[in-house]
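Accompanying notes for the structure given below.
Nothing in this text is a laboratory measurement; each read-out follows from the coordinates by a stated rule. Please read these numbers as outputs of a predicted model, since none were measured by experiment. Positions of Cβ are generated from backbone atoms using ideal geometry, with glycine treated the same way; all protein chains shown enter the neighbour counts.
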Amino acid sequence: MEKEELRKIFYKEKTFAYLTKIRKGLAYYKAEVGEEQYKFIIPMSDMGDADFFFAMQASHLFRWIQVNVC
């Protein structure tokens, strides 16, 4: 699925991404759309003073999506 299609689905369906681990300065989130899984890898240096929670809307993490890695 192309990124723009995926972005629309995340916004429309309000898909949630869930924190799976934090390792070596990176936070890993995973979201599911149908049977597909998508990973978000977020450098802690990018987080600044923003709040990151265990469950977040995938649309808020879209900047860091990794397509075709799950």
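In this structure, is Ala55 aliphatic (A, V, I, L, M), within 12 Å of the chain's Cα centre (by Cα) and closer than 15 Å to Phe10 by Cβ? Spelling it out, Ala55 is indeed aliphatic (A, V, I, L, M), within 12 Å of the chain's Cα centre (by Cα) and closer than 15 Å to Phe10 by Cβ. Taking into account only those residues within region 26-52 that are surrounded by 10 or more Cβ atoms within 10 Å (Cβ to Cβ) and not in a strand (DSSP E or B), which is nearest to the chain's Cα centre (by Cα)? Once the filter is applied, the top-ranked residue is Phe52.
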